[in-house]
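The values are calculated or read from the model by the stated rules, or taken from the named source; none is laboratory data. These numbers were taken from a predicted model, which means no experiment stands behind them. Neighbour counts run over all protein chains shown; Cβ positions are idealised from the backbone, glycine included.
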Amino acid sequence: MPALKKLYEWLFSSLANQLLITYLLIITIALVAVTFWALFTIKNESITDLRNSLEVEAVNLALEIDNDLELDSKTARERIQKAVDRRATKLGVSITVVDRDGHVLADSSGEEAIAKKSSENTSKHAPKRENISNESEINDALAGIIAVNKRSSPATNTNWLYVAYPVRSAGVTSGVIRVGVPLTEVEQRLSRDLIVFLEIILATGILTVLISLWLAERFNRPVKEMSNMAKEISISGDMSTFLPVRRRDEIGELSLSFNQMIGRLREEEKLRQEFISNASHELKTPVMAIGSVVEALQAGAVNDPKLRDQFLASLERLVDRQRSLLTDLLDISKLDNTAPTEWQDEVDIKQIIEEAVDQVRVQAEKKELVLKVDLPESTEASALKIRGNGIQLLRAIVNLLTNAVNYTPAGGKIYLSAKSDHGNRLRITIKDTGAGISPEDINRIFDRFYRGEKSRTREAGGSGLGLAITREIVARHHGNVEVESTLGQGSTFSIVLPRFEKSSRNENNGSD
Ligand SMILES: Nc1ncnc2c1ncn2[C@@H]1O[C@H](COP(=O)(O)OP(=O)(O)OP(=O)(O)O)[C@@H](O)[C@H]1O
Ligand SMILES: [Mg+2]
């Protein structure tokens, strides 16, 4: 069946074809059903109308000839024949009158026809007439019922409708009047109607095809544009153009979302390039400096013990800086490359804070900073548990503490506290009395590689990744970092994390 397969492939090769075929099928089925129903109803109603008018005719004729039917004389029969002929020609019907035994008395097809039909042994008075009581409608009418029959006449090859009406006098059937009419007219009308219906079906079909093609084109064009653009982006990576949005419907919405996606991709691409160029720049600076120090040492400084120690110390600082930069870069790329997870491990924030404070204590003491830590009593300690990654959270807190130490001048104060916030959240606050952050900077300090104006000029300044890493880590723990700062007065950074919810399993473990 290759043809069928081809048709199947054609059908599913485009949305438009599927739409078209579906519309066509639905409309054709509906119209064919309506046509059948209409033709059937028209036919039934026409036949009922005809039947009623034939019956009226029969009744009228019966009123005219019922006396003659009783008389059974030649003149009476002639009168009957005359009445039959007159009515038959006037109405264009065929009328037959039979006596109570079923013998034909008169027929609109004429006396000759009756005579021809009659048998050869004729009586002196009248020809022996044909008995048609075997015809079902005559038979029924002789039994006293108004009978209706539809049958085809083999001679003319047409269908006839007959109504046979019993003429009754004094309670007995004295004869039957049968009125018949060919159904050609009804049939012609039906076939005319059928043709009209077929024409309507055809016209609707053509209209459907045209409308479907138009609709399909309307729907397909933007979809094709979108698919072409997606192909183009996947091949060449060119995201310089947006899709035109001409519509307000779902397809327009799709184009809009597509454009938003392109915008987002562009932004990400821009960030990626910025990141690479910033990272290379940051990596290059200490390497160049290391190179110059090494050159200076080689040039003779190595022989001067004072200079040598100075250069070695600065080499150590530079290597340290490079190491911490590389750690930051690796950390942030690791964070970027791992999908956010539902943490399983239980982490004690109190412990982590203590460890973080230990890490910055020496530095703080060197700068003569007062470091004040305010943690809840041990009974409440369980409130400071969350699910997460201890190493990452330690890193996040250390980054904030290091900043506080770095950006607070000697003699300043740093306060660190942790407490439950609104019952289901945990808030870790690090407040300093340092330099503060200007309103222009505050919106950007979480950006990668962004450093405040003052920090940038600092000799031992960081790379500007600390806060970006902190924010990534906190976001991965479903929390957020808040900042408040007044220039010259100090800053307050807060990490807000969702609290650990005790499951029954952990409760059991705890009581063990
Ligand atoms: N406590 C603070 N007080 C004043 N300024 C701050 C404070 N914390 C951060 N900043 C400002 O925000 C900038 C970005 O901080 P971030 O920690 O991201 O980078 P960094 O400290 O410069 O370098 P890194 O942390 O990577 O070594 C800093 O350069 C500084 O200008
Ligand atoms: Mg920092």
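Restricting attention to region 363-383, does a residue exist that is in a helix (DSSP H, G or I) and within 15 Å of ligand 2 (Cβ to nearest atom)?
First pass over region 363-383, keeping only residues in a helix (DSSP H, G or I): 363-366, 378-383.
Those left that are additionally within 15 Å of ligand 2 (Cβ to nearest atom): 363-364.
Scanning region 363-383 turns up at least one residue that is in a helix (DSSP H, G or I) and within 15 Å of ligand 2 (Cβ to nearest atom).
Only one residue in Leu329, Leu325, Leu393 is in contact with a Pro (Cβ under 9 Å, 6 or more places away or on another chain) and closer than 30 Å to Pro286 by Cα. Which one?
When all the criteria are applied, what remains is Leu325.
Any residue in region 309-330 that is touching an Asp or Glu at 6+ places or on another chain (Cβ under 7 Å) and closer than 22 Å to Gln392 by Cβ?
Filtering region 309-330 down to residues touching an Asp or Glu at 6+ places or on another chain (Cβ under 7 Å) leaves 325.
Still in the list and also closer than 22 Å to Gln392 by Cβ: 325.
Yes.
Please name all residue pairs, on different chains or six or more residues apart, with Cβ atoms under 6 Å, provided the first residue is in region 366-391 and is over 17 Å from Val496 (Cα atoms) and the second residue is aromatic (Phe, Trp, Tyr) and modelled with pLDDT of 95 or more.
Lys372/Tyr415
Going through Ser324, Ser292 one at a time, which residue ends up being away from ligand 2 (no atom under 16 Å from the Cβ) and not assigned by TED's automatic domain parsing to the domain that holds Ser463?
Testing whether each residue is away from ligand 2 (no atom under 16 Å from the Cβ) and not assigned by TED's automatic domain parsing to the domain that holds Ser463 leaves just Ser292.
Consider Ala404 carefully, then state whether it is within 14 Å of ligand 2 (Cβ to nearest atom), under 15 Å from Ile495 (Cβ atoms), among the small types (Gly, Ala, Ser) and not in a strand (DSSP E or B).
Answer is yes for this residue.
For region 392-401, check the following and say yes or no: at least one residue is away from ligand 2 (no atom under 16 Å from the Cβ) and surrounded by fewer than 18 Cβ atoms within 10 Å (Cβ to Cβ).
Checked against the condition, which is being away from ligand 2 (no atom under 16 Å from the Cβ) and surrounded by fewer than 18 Cβ atoms within 10 Å (Cβ to Cβ), region 392-401 yields no hits at all.
Just need a number here: residues in region 148-185 that are within 26 Å of Leu63 (Cα to Cα), touching a residue at least 24 places away in the same chain (Cβ under 8 Å) and among the polar types (S, T, N, Q).
The qualifying residues number 3.
Only one of these is farther than 30 Å from Lys43 by Cβ, touching a residue at least 40 places away in the same chain (Cβ under 8 Å) and under 20 Å from the mean Cα position of the chain (by Cα): Phe219, Phe258. Name it.
The match here is Phe219.
Could you list, ordered by first residue, the pairs with Cβ atoms under 6 Å in which the first is in region 298-327 and surrounded by 12 or more Cβ atoms within 10 Å (Cβ to Cβ) and the second is of a type in the set (Phe, Trp, Tyr) and assigned to a helix (DSSP H, G or I), at least 6 apart or interchain?
Final answer for the pair search is Ala301/Phe311.
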